Amino acid sequence: MQKGGSSSIKFLVAAAIVIFSVVKYFASSEVNEITGEKQYISLSKEQEVAMGINSAPQMAQEFGGLSQNSQYQQLVKSIGEKIVKTSDAGKTQYPFQFYVLADQRTVNAFALPGGPIFITEALLTRLQNEDQLAGVLGHEIGHVIARHSAEQMSKQELTQGIAGAAGVAAGDVNSAYYAQVVANMVNMKYGREDELESDDLGVRFMIQAGYDPTALIGVMHILEEASGGSNVPEYQSSHPSPANRRAKIEASIEKYKNSF
């Protein structure tokens, strides 16, 4: 009798955790002004901007600090600002900033919430022309515009809440562990979808800014070469396969080429 009562309490607590997590997630929804997508985000845009500004110095240090090459910095800044000023990205009023990082070994570019965008020297020096650079920056601008970081935070809160509830209901560490693994896989899928959406937005912004969108396909080849042709299955990766991304980019070019 006591054991059955204990189990009932566990399930009630678990149910309460699930209900709280779901209600909290769906309580804050809005439509993205650029993508038209309905999103569930608990952070305000002001909070996103503050988070990005506060995180930027630490993130830069992890990649060797800012590059001392003033020509690199000016090139990236000028192309980034041109994309923002001449595309739909400028309608959001995010305070975009563009930086080159000193890291000459890590081929990478990333965006922080609210506007800071970084590219490493290792990636910049592999790019063959300004159109490819515009493709990289357009993609990262897309992450900011689509509010992917804030969206991911809300999704992770939801899945972690549900995973925690599963552990409470089962009453053992293994169940909680496997529930968390599943939650992580779900969020990884969201990450791949975000990358494809940013590719699509990158194409859109490139065309609006007067750059050749096919250059983004060339960037995919560069990233594939830099990764050494990793054979990690797509479902275990936070990024779509290069072949999948190229196909989606080509579809986006076809979609947008006569729209602007």
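Suppose the filter is modelled with pLDDT under 95, under 13 Å from the mean Cα position of the chain (by Cα) and open to solvent by less than 40 Å² (accessible area, probe 1.4 Å); does E140 pass it?
Working: modelled with pLDDT under 95: no; under 13 Å from the mean Cα position of the chain (by Cα): yes; open to solvent by less than 40 Å² (accessible area, probe 1.4 Å): yes.
Taking the combined requirement at face value, the residue does not satisfy it.
Residues that are at pLDDT 90 or above and not in a helix (DSSP H, G or I) were ranked within region 39-71; the one that is most open to solvent (accessible area, probe 1.4 Å) is Q68.
Checking each residue in region 27-63 for being closer than 30 Å to Q104 by Cα and in contact (Cβ under 8 Å) with a residue 40 or more places away in the chain picks out E48, V49, A50, M51, G52, I53, S55, A56, M59, A60, F63.
The lone criterion from (1) in contact (Cβ under 8 Å) with a residue 12 or more places away in the chain; (2) over 20 Å from D212 (Cα atoms); (3) in a helix (DSSP H, G or I); (4) among the polar types (S, T, N, Q) left unmet by Q74 is number (1).
Picking from residues in region 80-131 that are part of a helix (DSSP H, G or I) and open to solvent by less than 10 Å² (accessible area, probe 1.4 Å), the one that is farthest from M220 (Cα to Cα) is A89.
The values are calculated or read from the model by the stated rules, or taken from the named source; none is laboratory data. Predicted, not measured: the structure shown is a model, and the values here were computed from it. Every residue, glycine as well, gets a Cβ built from its backbone with ideal geometry; the counts of neighbours run over all protein chains shown. Areas reflect the complete protein model, heavy atoms only, side chains present, ligands, DNA and RNA absent. Shrake-Rupley method; radii C 1.70, N 1.55, O 1.52, S 1.80 Å.
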